[in-house]
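The next block holds one structure in the form of C-alpha cells; read it before the comments.
Each value in this text was obtained by applying a stated rule to the coordinates, not by laboratory testing. Just so it is clear, the structure is predicted and the values come from calculations on it, not from any experiment. For neighbour counting, all protein chains shown are included, and Cβ atoms are generated from backbone atoms with ideal geometry for every residue, glycine included.
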Ligand SMILES: Cc1ncc(C[n+]2csc(CCOP(=O)(O)OP(=O)(O)O)c2C)c(N)n1
Ligand code: SF4
Ligand SMILES: [Mg+2]
C-alpha cells in the first residue's frame, strides 16, 4: 500500500511483555484516530522462546499486518538478530544498549540505532522488570509523533483508577523514553495525520463474544483451546452482569452436549473450540442435527494436523466442519471475513440455528480470532428471530407432532415446561412424534417410507438456509485478468494484494469472497465464475478444501491454487507475487 | 397439579410399550420412577428424562414427560445443559452401566463434583445389553462374555465409592427385585437438592447369567435395617466398599441410601447468572450495549 502508514514490531522471549507493550501502542494509535491491525507471532511456551508482535496503523482502514517495520523494539538479543535486518530504510531500532548489540547486523540504509540504557532508566520508576518496555514504548511514541497525553489515558484505561501508582510510574517511564528520542534525532516524520476520533480496537474473538451477547446468547460451555479460549475469557468476565452461564467443562464432548441440552431447553447456547476439540464434538453436533436442537459452535482454526502448531494459523478444518457427524444432516457453516463480520455473522448464526433448529458452525482462525483490528462500531440492533415455536405455531395440543413433516422441513418447537406438548427428542431415527422407528419398526415397508420422509424433511432445511444466506461477494473491478477465490479471513491480505497489483502493475484483479460456505451457493458461483477470465483459489491449507467443495458443487475447477500451510498468515506481497507468476 | 387435581399414576405413562425382554430389570425401574413422580406430584411437562444409548436408555419413551434420548455416554452433560437453561425443571438422567460408568464416566465424575440438582439413575446390569452381551465396566472379574471368552481380567468399577469420592450428595443403591424400595429411593433422590446417584441392580436376563435375581436375593440386605447412618461419610464408604469379591470374602450387597448431605449448596445456588431465575426466563439482547464498548476504545 502506498498510503502513509506506521509499522511497529516488538520482540522478545515469552514473558518479556511484548504483547502488552504492543497492545498499549495499538491503543495509543487507536486513540490517535488511526486504523490499526495487529498480528502476534508466538509459540506454545509460557517462558522463553521467541515471540513478536506487529502493529500496523494508518489513516485509512488497514487490511493486513503489513510487512517490514519502520520501528523495532528489541527486548533481547535474538530479536535484534532476527528482526533488525528487516527494518526499513530510515527506520529505527530501539534497544537496551547495556544488554543488546547491533554490531555486525546488516541494516538497511539510514536505520537509526536508538540504543540507551532502558533497564537502568526504568529502575528509577519501578522495580518491575517490564518497566523498561514502557521506556521503549515512550521512545516509539516520539518517533511516531504521538502525544504523551494519549499514552497516559491509555495506561489509565489499562490499569484503571485503582492502580494510580502503576499508571504514574508508567507515564514517567514513557516520558523518559520520549525525552531521549526528543533529544536524539526526534521524529521519523512519517507524516500521519492524527485525530481524536477513537474507533474500536477489538479482536475477532471479542467480536464473536459480543455478537453472541447481542443475539441473546445465555449459555456458553467451553474447554480451553487456543485460539478459541479468549471467547470464554471475555464471556466469563461479562457473564454475571448479562445473565449468561459460562461453564468451563471437563472436555469438548461435555461442551457440545451441554450446549445442545441448553438449546433444547430453550436458551440460545454456544460452544467454541479449535480443531482438536471440534474433532471430539463431531458425534455431539450431529446429534443436534438429528434431534433438531439449535446450537452455535465456533471453530477457531489453528494449524493441524493433530496438535499441529497450537499458536499458528491455518484454514485446514473446513473438511472437518463439512463432514462432522455420521450420516447427512443439515448444517450451516459461516466464515467471517473480518472482525466486523465476526460480530454480525455470530449474531446471525443464532437466528439461523433457531429458525432452522439445527447446529450452525462459525469458522474463524487464529489470525482473525486473536488479532486486534479497528472496527467503526457495531450495530446492536440485532434482530432476534426465534423461529417456529409450538405455542404460536397453531398446533393443537393433543396431536402435537414435534417433528411434523413440513414443506420447509421446520416443525414447531416446544420447550420443556410447556404443558401438553411433551415429546421425546431421539437420536435414533424417529417418526413425527419423536418415537423411535429404529428398533422394532425399521425395515417394515411402511416405516422404510417414513424413514425416508424424515430424512427428506430434515434435509429440506438446506434450501431455506441457502435462501437465508448470501452468495459470494465479487470485489474489485468487474473486468479482471484473474479472479481470486477466497473464504473467511483471507479477505484482508487478498484485497490489499489486489490494490497493490492495480497500483504497481496496473493489473486488474478481483476476488470472489465467501463468508457463507455451506449450504453452498452454486448458482451465484457459476454465474460469477463464468465471467472470470482465469481463476485462482487462495486458501490457508494444503489440499484446497474449499476449492474442492466449489468443484463438487459446480463442476468448476479453479485454474490455479495457492495454498499456504506454513502456519504464517498470508502476506499481500506473496499473493501478489503468485498472481504475477501465474499471469506470467 | 396446578388446578389442584391429583395426578394419577396412569398420567405418567406414555402410549409406547417397552420393548425390553420379558423379565428385564428395567421394567421395575420404569414403574418405580413413575411411582416416585406420582408421589411427588411433579407435572409431566416439568420433567425431562435424559438418557444415552442402551436397552435401559430407551426409558424416556415410556414416560409421558419430556424426553431426550441422547447419544451413548452423554446423558449427563445433556441433562446438565437442560438444568442450567431451565432450573425450574426436574431433570433426571438415566441409562446403563456402560453408558454412565464406561463411555460417559468422565462426565459422571464431573457432574458429581459440580453438584447440579439432577438425579441420575443407572440401570446397572453389569453387561452391555443392547450390543448383545459384551463386558461392561461393572462386570465381575472372571465373567465370560462375548468380548471376554477367557473371562474379564480387569477389576470392576465400584460406582458408589466413585460417587462418594467425587462429591455426589445423595448416593443410593436399589434392586429391581424390590420395586417398592426403588420408588422410595427415586422419590428421595429427586427431592434431594444436589446431585443424586441411584445405582440400580437391574438384571439383564438375556446376557448376564451370573448376576441374576436369585444371585442378588442371596446377598442383598437393607442398610436401614442395620442402622446405617447416611450422614456418616466413612460409614458410607465402608458400606459401599462391601461387594461380592472373589479376592476378599465380602459377599453382601447393601440396599438403600448410603449417603445424603442436604447442607451443601447446589451448582445453581452458586451460579451468579441464575440469581435472577432460570435462564429461559431472562430477557434476550443487551440493555446497554454501548457501555460494553468502552474497553475497546
Ligand atoms: C459412540 C458409540 N459407541 C458405541 C455404541 C454402541 N452401543 C450402543 S449401546 C452400547 C452399550 C450399552 O450398554 P449399557 O450402557 O450398559 O446399556 P444396556 O444396554 O446394558 O442397558 C454400545 C456400546 C454407540 N451407540 N455409540
Ligand atoms: S438384553 Fe438384557 S438389558 Fe436388554 S432388554 Fe433384554 S434383558 Fe434387558
Ligand atoms: Mg448395561
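What to note about this one:
- Among A:59, A:109, a tally of other beta-carbon atoms within 10 Å of each Cβ gives an order, fewest to most, of A:109, A:59.
- Ranking of A:41, A:438, A:51, B:51 by count of other Cβ atoms within 10 Å, fewest first: A:438, A:41, A:51, B:51
- Protection proxy ranking, peptides B:224-233, A:562-571, average beta carbon neighbours within 10 Å, highest first: A:562-571, B:224-233
- Hull-based mean projected area of the range A:486-578, where the convex hull spans the alpha carbons, in square nanometres: 5.8 nm²
- For the range A:468-509: rounded, prolate or oblate by the Cα gyration tensor [a/c cutoff 1.5]: oblate
- Förster radius 30 Å - calculated FRET efficiency between residue B:293 and residue A:129, Cβ distance, rounded to 0.05: 0.35
- Normalised by the number of residues in the range A:440-544, the mean separation of alpha-carbon contacts (under 8 Å, six or more apart) gives a relative contact order of 35 percent.
- The sum of -39500 (n - 2.57) across all DSSP H runs of n ≥ 4, divided by the residue count of chain A, sets its helix-only mean residue ellipticity at 222 nm to -12000 deg cm²/dmol.
- DSSP beta bridges in chain A [antiparallel fraction, %, rounded to 5]: 35 percent
- Taking other C-beta atoms within 10 angstrom as a stand-in for reagent exposure, B:178, B:97, A:317, B:251 fall in the order B:251, B:178, A:317, B:97, fewest first.
- Look at the alpha carbon pairs under 8 Å that are at least 6 residues apart: their mean separation over the length of chain A gives a relative contact order of 12 percent.
- With the largest listed first and rounded to whole Å, the semi-axes of the equivalent ellipsoid of chain B from the Cα gyration tensor are 34, 22, 20.
- Overall form of the range A:5-198 per C-alpha gyration tensor (a/c, 1.5; a/b vs b/c): rounded
- Within 10 Å of the Cβ of each residue in B:55-68, the mean number of Cβ atoms contributed by other protein chains is 5.
- Taking the range A:372-442 and dividing mean pair separation by its residue count, relative contact order in percent (alpha carbons under 8 Å, at least six apart): 24 percent
- Kirkwood-Stokes translational diffusion coefficient of the range A:211-360, alpha-carbon pairs, 25 °C, 0.890 mPa s, µm²/s: 164 µm²/s
- Angle of helix A:204-214 to the longest C-alpha principal axis of chain A, folded into 0 to 90 degrees and rounded to 10: 50°.
- Mean per-residue shielding of peptide A:241-252 is 6, counting Cβ atoms of other chains within 10 Å of each Cβ.
- Alpha-carbon Rg/Rh ratio, for the range B:19-86, with Rh computed the Kirkwood way: 0.97
- Cα gyration tensor, the range A:271-415 - rounded (a/c under 1.5), prolate or oblate: oblate
- Quarter of the Cα convex hull surface for the range A:205-273, i.e. its orientation-mean projected area (nm²): 3.9 nm²
- Counting all C-alpha pairs of the protein assembly as shown, share separated by more than 54 Å (%): 24 percent
- Partner chain coverage, peptide B:94-105 - average Cβ within 10 angstrom: 0
- Mean Cβ neighbour count within 10 Å, used as a protection proxy, ranking B:209-219, A:501-511, A:158-168, B:105-115 highest first: B:105-115, A:501-511, B:209-219, A:158-168
- Compactness index (Cα Rg / 2.2 N^0.38 Å), the range A:388-461: 1.11
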